[in-house]
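Down below is the structure, laid out as structure tokens.
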């Protein structure tokens, strides 16, 4: 770069420079020789009097690793803290810094050993990988001049390619063993338990960064056409969703508005196209722009701006999928895969081989999310709400998922691995103990027979049912088939699934819950209006009654699938007696339809209700005589009783189910069901936790349905329990004024020698 100014390099010139850099980095010489060659090439090509590369050490210092123009004796001797000097300023901010008079800048730090006295103009850009600064690339000139925007752009593209090549090609060299090219130190993150379990394996990233082999384009014009088409397709896709063709609501709709804003942003589009025109592939251009956005927003003080990072991440991921011509990220995974993602939908999770997937780590999410529910159904340990997780791991990093304590160990030390192995051995012994009792009847010490069933939602859950000794399916979530489909499952597909489920269950009962859609369960092919409070909005039975054709088709499929066997149907989210009456009438209509056509009716038809809306607590005397059975959905009942959104991480742990209000509500339901002779069960998540299940049995419930992972430990608890003694003690505790009775209940269980 001369003092007379410099036009940006031509596309051909920059591509030639990038190829020269790639050739030098792959020539097989030492890491130092390769870096020396790179700075010389950049200095010559950009007419810079100085070009230097600083790399980040594990000590969080930036070390001068190679230079053309400065004193070579300073290499490996000059180190700067991340907050020190102009180089430190670039690394800290993760953004370019262009100065005409560098020595006058307040962050300037003079290092006499470098011999940089005569150089005034300064341009530094960060080497970014995964949004994290791993080094700084600097060019300098004697003349006091302002670097053009195009020159900054040129150097950023070079830095991006250089960062990927350094990390990809040199990370194994001894010369760089102490360089922080990627996170590599042991680290422990504290999150929240989404699915119980303990496992160790290697990281598989749900969204994989572009590899160095796919950075440079062979035909820039073709890549530009691909990018333009990809952007157009992305915009059309988002505009279509925005117009309601794929129906999104609530917070999802707000995110979509942000997508649309960014997808149509001229600056974003210009940056992508300029990156492509410089010689990058379309995918590499997306990765480069995304890296810069992540680095910039991660340093923002404004919380809202930092949260927008996720919107930009999703937009970039969506564009990468459009460019790839596919909508999924399904791929082969190793035997001991630990899936790492910011968040997951249930369909995303089911794309992976469940036999190879050993654990899940999420940066966001909640224990009530459907990814968490599926993880529990598959008995895959899952820990979520791990802040900053995605930027702290690399592909194939060793990790430990601790679904007992809600922790993740990244690149764990040998002693942590050994201790985890010992704990896994203990869990294996416990599973062996559970296997011994899985076929034994669940009878308490004082002779009360309990029925322990499991919740399910996927066909392969039926295999697990036999493995864990469940006495049936107390809750089959039928909406999962709808959520993982690209379009609405028609009558035949539904009939086939329900028939296979009943076939696999054999003589064990299966209770099918009708569609519980809406709220946080959005289907891409259904149009839905935006709602301010979707959890309280148009969902579950409300949707079914307003769209009776949808509900009738499902009931018809269930009747046909039964083929003369017993059929149990349960309606969710019923808030009034009238809603149940209307839903029951639709079942009768479908039975008449089947009878007129000579189809076999179920040998026994039982129609039940889920009690999860507090309004029913004051109308049980009218409702229960109308139903064949009832089931308490404690997840939603707790949410509505405490007016606390269970999917909101700030609220999910705020109220304890073992509190006097909740226990009194459960007691009211149990007593009303007993008085009316109505069979009642509890099918919420708490039924699978020994301490909570202990309280449910003490309240008088004798039928529990739970995630399969809970069956062994709950049965062990049942076999150790004197339910009459426990019942009297729990009744006394319920009069307490405490907000939570968890400590008191735990002390009681220990006093009674209950196995928890």
Open item on the list: So the check is Cβ under 7 Å with 6+ separation or different chains; which pairs have a first residue in region 417-442 that's farther than 16 Å from residue 709 by Cβ and a second one that's assigned to a helix (DSSP H, G or I) and at pLDDT 90 or above?
Closed with: 442/715; 442/718
Open item on the list: Taking the conditions exactly as written (within 30 Å of residue 539 (Cβ to Cβ), touching a strand residue (DSSP E or B) at 6+ places or on another chain (Cβ under 7 Å) and either modelled with pLDDT of 85 or more or not in a helix (DSSP H, G or I) (or both)), does residue 193 satisfy them or not?
Closed with: yes
TODO: Report those helices (runs of 4 or more DSSP H) wholly inside region 400-489 carrying at least 2 residues which are outside the structural domain of residue 709 (by TED's automatic domain parsing) and under 25 Å from residue 360 (Cα atoms).
DONE: 414-437
- [ ] With the condition kept exactly as written, say whether any residue in region 609-620 is part of a strand (DSSP E or B) and without any contact (Cβ under 8 Å) to a residue 40 or more places away in the chain.
- [x] yes
Task: Given (1) under 40 Å from the mean Cα position of the chain (by Cα); (2) closer than 24 Å to residue 690 by Cα; (3) assigned to a helix (DSSP H, G or I), index of the condition residue 590 fails - done: (2)
Task: Residues of region 708-739 that turn out to be assigned to a loop (DSSP other than H, G, I, E, B) and more than 28 Å from residue 377 (Cα to Cα), as a count - done: 7
TODO: Assess whether residue 374 counts as being crowded, with 20+ Cβ neighbours inside 10 Å, assigned to a helix (DSSP H, G or I) and within 21 Å of the chain's Cα centre (by Cα).
DONE: yes
- [ ] Could you check how many residues of region 128-147 are surrounded by 16 or more Cβ atoms within 10 Å (Cβ to Cβ) and at pLDDT below 90?
- [x] 9
Open item on the list: Among the residues that make up region 648-655, is at least one of them over 18 Å from residue 720 (Cβ atoms), buried (at least 23 other Cβ atoms within 10 Å of the Cβ) and either modelled with pLDDT under 95 or in contact with a strand residue (DSSP E or B) (Cβ under 8 Å, 6 or more places away or on another chain) (or both)?
Closed with: no
- [ ] Just need a number here: residues in region 102-114 that are touching a strand residue (DSSP E or B) at 6+ places or on another chain (Cβ under 8 Å) and touching a residue at least 40 places away in the same chain (Cβ under 8 Å).
- [x] 1
- [ ] Please determine, by comparing only the residues of region 667-697 that are assigned to a helix (DSSP H, G or I) and in contact with a strand residue (DSSP E or B) (Cβ under 7 Å, 6 or more places away or on another chain), which one is surrounded by the fewest Cβ atoms within 10 Å (Cβ to Cβ).
- [x] 670
Open item on the list: For the structure I just gave you, tell me whether residue 606 is assigned by TED's automatic domain parsing to the domain that holds residue 704, surrounded by 15 or more Cβ atoms within 10 Å (Cβ to Cβ), at pLDDT 90 or above and outside any helix (DSSP H, G or I).
Closed with: yes
Open item on the list: Just to confirm my filter: which helices (runs of 4 or more DSSP H) fall fully inside region 212-295 and include at least 3 residues that are at pLDDT below 80, surrounded by 15 or more Cβ atoms within 10 Å (Cβ to Cβ) and under 26 Å from the mean Cα position of the chain (by Cα)?
Closed with: 220-242, 250-263
TODO: Just give me the residues in region 628-661 being in a helix (DSSP H, G or I) and under 24 Å from the mean Cα position of the chain (by Cα), in sequence order.
DONE: 634, 635, 636, 638, 639
Open item on the list: On the basis of being surrounded by 15 or more Cβ atoms within 10 Å (Cβ to Cβ), in contact with a helix residue (DSSP H, G or I) (Cβ under 7 Å, 6 or more places away or on another chain), at pLDDT 90 or above and assigned to a helix (DSSP H, G or I), does residue 575 make the cut?
Closed with: no
Open item on the list: For region 406-423, which positions are within 30 Å of residue 719 (Cα to Cα) and either modelled with pLDDT under 90 or surrounded by 15 or more Cβ atoms within 10 Å (Cβ to Cβ) (or both)?
Closed with: 406, 420
Task: residue 462 without any contact (Cβ under 8 Å) to a residue 60 or more places away in the chain and touching a helix residue (DSSP H, G or I) at 6+ places or on another chain (Cβ under 6 Å) - done: yes
Open item on the list: Being buried (at least 17 other Cβ atoms within 10 Å of the Cβ), part of a loop (DSSP other than H, G, I, E, B), at pLDDT below 80 and within 17 Å of the chain's Cα centre (by Cα): is that true of residue 330 here?
Closed with: no
Task: Wholly enclosed strands (runs of 3 or more DSSP E) of region 1-116 bearing at least 3 residues closer than 17 Å to residue 166 by Cα and at pLDDT 90 or above - done: 50-56, 61-68
Open item on the list: Condition check: closer than 19 Å to residue 18 by Cβ, surrounded by 23 or more Cβ atoms within 10 Å (Cβ to Cβ) and modelled with pLDDT under 90. Does residue 125 satisfy that?
Closed with: no
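The values are calculated or read from the model by the stated rules, or taken from the named source; none is laboratory data. What you see is a predicted model; the values in this text were computed from it and never measured. Ideal geometry is used to build each Cβ from the backbone, glycine not excepted, and the neighbour counts take in all protein chains shown.
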